[in-house]
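The values are calculated or read from the model by the stated rules, or taken from the named source; none is laboratory data. As the structure is a prediction and not an experimental result, all values here were calculated from the model. Quick reminder, even Gly has a Cβ in these numbers, built from the backbone with ideal geometry, and neighbours come from all protein chains shown.
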There are 2 protein chains.
Amino acid sequence: MILLCNNKEAMKRKPGEDGGSKPKGPGAAFLLAQVGAHAASRFAARLTEADLVPANAGIFRILSATPAISQQALATALGTVPSRLVALVDDLEARGLVERRAHETDRRTYALHLTDKGKATMEIISKIAREHRQDLLAALSEEEQATLSGLLQRVAEQQGLLWGVHPGYARIGQSDKT
Amino acid sequence: MILLCNNKEAMKRKPGEDGGSKPKGPGAAFLLAQVGAHAASRFAARLTEADLVPANAGIFRILSATPAISQQALATALGTVPSRLVALVDDLEARGLVERRAHETDRRTYALHLTDKGKATMEIISKIAREHRQDLLAALSEEEQATLSGLLQRVAEQQGLLWGVHPGYARIGQSDKT
DNA sequence: TATTGTTATACTCTATAACTATA
DNA sequence: TATAGTTATAGAGTATAACAATA
């Protein structure tokens, strides 16, 4: 629903052939946003198989890696606000995938856990992610995929992005329309 | 605001070193979504310099390439519904950047044009995009940027993405939360 | 009868801040 | 006094369908 690229001449050029001053085709930055949005969208579509939304996948990932975490800490790990987690965890708990256990000493705090059913769902999510990866990058050889990963990783690092944390659209400006 | 990556072992591996069965680090697909979202977010932030939102940039791009287009056709080109354009064009027209001229023969239709001021704004957008590109890819050499572009272009093509059309999050599933 | 631009409405998502119960 | 989880509310953004004017 966004569209930003401007650079008519560049868009007609193919990757390799640089006739003029500036390198790159439609702008690697635009391609990045375009393909990235597509990737997220496809992943979200696949998750519906398991009746999940992307936000759920994040919760599963963290809970799987860090059992007994509190909602507060989970919110921090996800880069979101605690109040947003309430409905999300409510839903997963109602579906028997997540458990809110009492904290040992602090009665205000919950210790969140994946149930056995939740762990099984985590397996499904992993499978979905694997298939997603394969389909998305079907155009590239294994070696090229590794090259792409390497380049993206360096960009992510230089830009200060955190490992495994998807910022989403930070809504810094105003909207995301059209 | 999303978070999807799951693959703990992979996340600890650096690009090159594949100890085991599967290639890629945190998954090129996840990196793509992560970096892509970051790119879009940064671009949106830069656009505020010119009091614009990403949706505006799309309109400028199309109007610049295809003057006298109708709102209907513009909506199609942007992959959105006509009703969404009304407020957007209203705003740009009120700011003296876009003009709604009468169609020659069809009195229902407008012919949209960039004003001189609008053309100047288009220049600013181009400058912003150029700076955005440079900052985003500062970690890579010119050659590496070209490689990245090439790989992304092939992925985009194989996935059926249209040149210069940013799909945004298609909201196929339900939400984008957390 | 179909189409252009417009408006109105209803719905989703989210951020904020208030609230309770503990500490 | 501060913190964990919760609730309520208000705002932004969008999709849908209905509308008047014109074809």
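Confirm whether B:R107 is touching a strand residue (DSSP E or B) at 6+ places or on another chain (Cβ under 8 Å) and basic (K, R).
no
Within the range A:106-143, track down each residue that is among the polar types (S, T, N, Q) and closer than 20 Å to A:D90 by Cβ.
First, the residues of the range A:106-143 that are among the polar types (S, T, N, Q): A:109, A:115, A:121, A:126, A:134, A:141.
Selection gives A:T109, A:T115, A:T121.
Tally time: how many residues in the range B:138-156 are small (G, A, S), part of a helix (DSSP H, G or I) and more than 17 Å from B:A28 (Cα to Cα)?
Residues meeting the conditions: 1.
Which count do you get for residues in the range A:70-80 that are at pLDDT 95 or above and surrounded by fewer than 15 Cβ atoms within 10 Å (Cβ to Cβ)?
1
Of all residues being farther than 15 Å from B:D51 by Cβ and not small (G, A, S) in the range B:94-103, which is farthest from DNA strand D (Cβ to nearest atom)? Just the residue, please.
My answer is B:E99.
Only one residue in A:P67, A:P54, A:P26 is modelled with pLDDT under 90 and either within 7 Å of chain B (Cβ to nearest Cβ) or surrounded by fewer than 22 Cβ atoms within 10 Å (Cβ to Cβ) (or both), so which one is that?
Within the list A:P67, A:P54, A:P26, the selection yields A:P26.
Hey, among the residues in the range B:122-156 that are more than 7 Å from chain A (Cβ to nearest Cβ) and basic (K, R), which one's surrounded by the fewest Cβ atoms within 10 Å (Cβ to Cβ)?
B:K127
Which of the following residues is away from DNA strand C (no atom under 14 Å from the Cβ) and hydrophobic (A, V, I, L, M, F, W, C): A:V98, A:V81, A:V86?
One residue alone meets the criteria, A:V98.
Just a yes or no: is a residue in the range B:91-105 within 14 Å of chain A (Cβ to nearest Cβ), farther than 30 Å from A:A156 by Cα, surrounded by fewer than 19 Cβ atoms within 10 Å (Cβ to Cβ) and modelled with pLDDT of 95 or more?
Checking the range B:91-105: at least one residue is within 14 Å of chain A (Cβ to nearest Cβ), farther than 30 Å from A:A156 by Cα, surrounded by fewer than 19 Cβ atoms within 10 Å (Cβ to Cβ) and modelled with pLDDT of 95 or more.
So that you can scan it fast, the table gives a plain yes or no per residue for (1) in contact (Cβ under 8 Å) with a residue 24 or more places away in the chain; (2) within 13 Å of DNA strand D (Cβ to nearest atom):
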| position | (1), (2) |
| --- | --- |
| B:A68 | yes, no |
| B:T80 | no, yes |
| B:S83 | no, yes |
| B:L92 | yes, no |
| B:M122 | yes, no |
| B:I125 | yes, no |
| B:A129 | yes, no |
| B:L136 | yes, no |
| B:E144 | no, no |
